[in-house]
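Asker: The structure that follows is given in the form of structure tokens.
The values are calculated or read from the model by the stated rules, or taken from the named source; none is laboratory data. Just so we're clear, the structure is a prediction, and the values are computed from it rather than from any experiment. Cβ: placed from backbone, ideal geometry, glycine included. Neighbour counts: every protein chain shown. Please note that ligands, DNA and RNA were not included when accessible areas were found on the heavy atoms of the full protein model with its side chains. Shrake-Rupley method; radii C 1.70, N 1.55, O 1.52, S 1.80 Å.
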Amino acid sequence: MNQFDSISLEEIKSIIKTKKIGCKIKYYPKIGSTNDIARKLAIDGAPEGTVIIAGIQTTGRGRLGRKWLSSKGGIWLSIILKPKMLPNIATIITSMVGIAVYKTLCTDGINLRLKWPNDIMVDDKKLGGILIEIGTELNTINYLLIGVGINVNNNLSDFPTEIRDKVTTLKILQGTERSRAHIISQFLEEFEDIYNTFDKGEQSTIFREWKNLLDTLGRKVKVVTENKIYEGVAMDIDADGSLVLKLSDTKIISIIAGDCIHLNEKI
Ligand code: BTN
């Protein structure tokens with residue numbers, strides 16, 4: 001047992017300087033998925049900014065219904081938001097979370113980059129991911145759940161052998177374990193800052209900042225959408241957060257959602 005083995009809620013509460021994000025924080029040593037708990041709490045009227053943190057998730061999920069491995073040592077958390085309905089709300093929030101994770105970890109000499117639309121990457125390996133789930137009714141958002149997973153003190157041996165060369169953790173990158181309470185507090189502060197910017201209507205500033213962090217732009221990519229697979233060069237992010245792709249026949253298309261694979265060539 002060492003000082004970084006558990007997440008101390010008391011420590012987070014004593015250092016966090018936010019007003020809204022983290023107004024209520026719940027910690028579960030072991031649960032199914034923080035997003036599931038967040039959904040129940042949101043339906044029961046939990047306020048915007050409520051945060052749910054887990055030590056271990058037994059049924060953590062990623063995008064597109066994938067399983068998300070959430071062993072001991074990682075940061076697995078969800079934030080409940082209640083934003084206005086906007087057509088591209090999930091993309092904007094994803095971009096804000098990516099920027100907040102970047103600002104939290106960039107001071108540590110880590111070459112953190114983002115992969116469109118939701119991956120947190122270091123040296124082309126996945127350090128974490130973002131999952132947005134929305135509860136809507138007619139044309140209003142009842143709640144929006146941000147799920148964030150970051151590999152911190154977990155070990156490579158926790159991952160199945162077939163993905164070990166595709167993932168990384170802060171412990172591997174830095175050769176030392178980290179206080180997750182500190183990382184979480186800083187991340188929530190960074191996120192609150194940027195969420196305030198968004199509330200002032202500065203969406204274009206946020207997308208501009210996001211574009212600078214996206215490693216996807218200028219690369220050859222394969223994008224798997226619900227009904228088609230595209231291959232081309234990622235050119236830009238447009239005003240609604242879609243990926244602008246130049247196909248091999250030079251046709252230009254915009255893709256709002258999909259799974260993006262970097263084909264490892266910068267153009
Ligand atoms: C992805 O890259 O596919 C998104 C991964 C999101 C994982 C987080 S961990 C906390 C929250 N609870 C979950 O079950 N999933 C998200």
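Asker: Please turn the phi angles of segment 80-90 into ³J(HN,Hα) values with the Karplus equation 6.51 cos²θ - 1.76 cosθ + 1.60 (θ = phi - 60°), one per residue in order, whole Hz, x for glycine and proline.
Answerer: 8, 10, 9, x, 5, 6, 9, x, 10, 4, 4
Asker: Determine the calculated [θ] at 222 nm for the chain from helices alone, applying -39500 (n - 2.57) to every DSSP H run no shorter than 4 residues and normalising by the residue count; nearest 500 deg cm²/dmol. List each step's numbers first, then the result.
Answerer: Numbers: 6 runs with 70 residues, N = 267.
Value at 222 nm, helices only, nearest 500: -8000 deg cm²/dmol.
Asker: Taking only pairs that are 8 or more places apart or on different chains, how many Lys pairs in segment 32-162 have Cα atoms under 16 angstrom apart?
Answerer: The number of close lysine pairs in segment 32-162 is 5.
Asker: Take peptides 232-245, 60-73 and line them up by average Cβ neighbours within 10 Å, highest first, as a rough protection proxy.
Answerer: Those peptides, ordered most packed to least, come out 232-245, 60-73.
Asker: Separate question: Starting from the amide H of I25, placed 1.01 Å from N in the peptide plane, find each other amide H under 5 Å away whose residue is 5 or more places distant or on another chain.
Answerer: V51
Asker: Please report, in debye to the nearest 20, how large the charge dipole of segment 207-267 is about its Cα centre when each Lys and Arg carries +1 at its beta carbon and each Asp and Glu carries -1 there.
Answerer: On the way: 9 positive and 10 negative charges, 39 e Å.
So the magnitude is around 180 debye.
Asker: Sticking with this one: Let me have the relative contact order for the chain, percent, based on Cα pairs under 8 Å that are six or more residues apart.
Answerer: Relative contact order comes out at 17 percent.
Asker: Here's another thing I want to ask about it. Taking R0 as 22 Å, what's the FRET efficiency between D249 and V224 from their Cβ-Cβ distance, rounded to 0.05?
Answerer: 0.70
Asker: A further question follows. What is the sum of charges, Lys and Arg at +1 and Asp and Glu at -1, for the other residues whose Cβ falls under 13 Å from the Cβ of G149?
Answerer: Charge balance near G149 sits at +4.
Asker: A follow-up question, please. At 1.4 Å probe radius, can you tell me the per residue accessible area of the chain in Å²?
Answerer: 47
Asker: Apply the Karplus curve 6.51 cos²θ - 1.76 cosθ + 1.60, θ = phi - 60°, to the phi angles in segment 233-240 and return the couplings in whole Hz, x for Gly and Pro.
Answerer: 9, 6, 9, 6, 10, 8, 4, 9
Asker: Using the Kirkwood radius built from alpha carbon pairs, what does the Stokes-Einstein equation give as D for the chain at 37 °C and 0.692 mPa s, in µm² per second?
Answerer: This corresponds to a translational diffusion coefficient of 174 µm²/s.
Asker: Follow-up. So how far apart, in nm, are the two label points at E177 and L64 if each is 7 Å from Cα heading toward Cβ?
Answerer: Simple spin-label model gives 3.5 nm for this pair.
Asker: I've got another one for you. What order do you get for 28-38, 254-264 when each peptide is scored by the mean count of other beta carbon atoms within 10 Å, highest first?
Answerer: On the way: 28-38: 19.4, 254-264: 16.5.
Ranked from most to least packed, the peptides come out as 28-38, 254-264.
Asker: Hey, another quick one. Search the structure for amide H atoms under 5 Å from the amide H of M235, placed 1.01 Å from N in the peptide plane, and list their residues when 5 or more places away or on another chain.
Answerer: Residues meeting the criterion, in which the H sits 1.01 Å from N, are G218, V244, L245, K246.
Asker: For N264, project a label point 7 Å along Cα to C-beta. Then give me every residue of segment 76-114 with its amide nitrogen under 20 Å of that point.
Answerer: Label zone hits: 111-114.
Asker: Starting from the coordinates of the alpha-carbon atoms of segment 1-117, obtain the Kirkwood hydrodynamic radius over all distinct pairs and give the value in Å to one decimal.
Answerer: About 15.8 Å, per the Kirkwood formula over Cα pairs.
Asker: Put +1 on the Cβ of every Lys and Arg and -1 on every Asp and Glu Cβ in segment 156-267; which of V167, I194, L247 then has its Cα farthest towards the positive end of the dipole?
Answerer: Of the options given, the answer is L247.
Asker: Mind checking segment 210-259 for trypsin sites (Lys or Arg not before Pro) that DSSP puts in a loop (not H, G, I, E or B) and that have at most 10 other Cβ atoms within 10 Å?
Answerer: Taking segment 210-259 and a limit of 10 other Cβ atoms within 10 Å, the loop trypsin sites (Lys or Arg not before Pro) found are K228, K251.
Asker: Also: Could you tell me what percent of the accessible area of the chain is made up of carbon and sulfur, with a 1.4 Å probe and every protein chain present?
Answerer: 51
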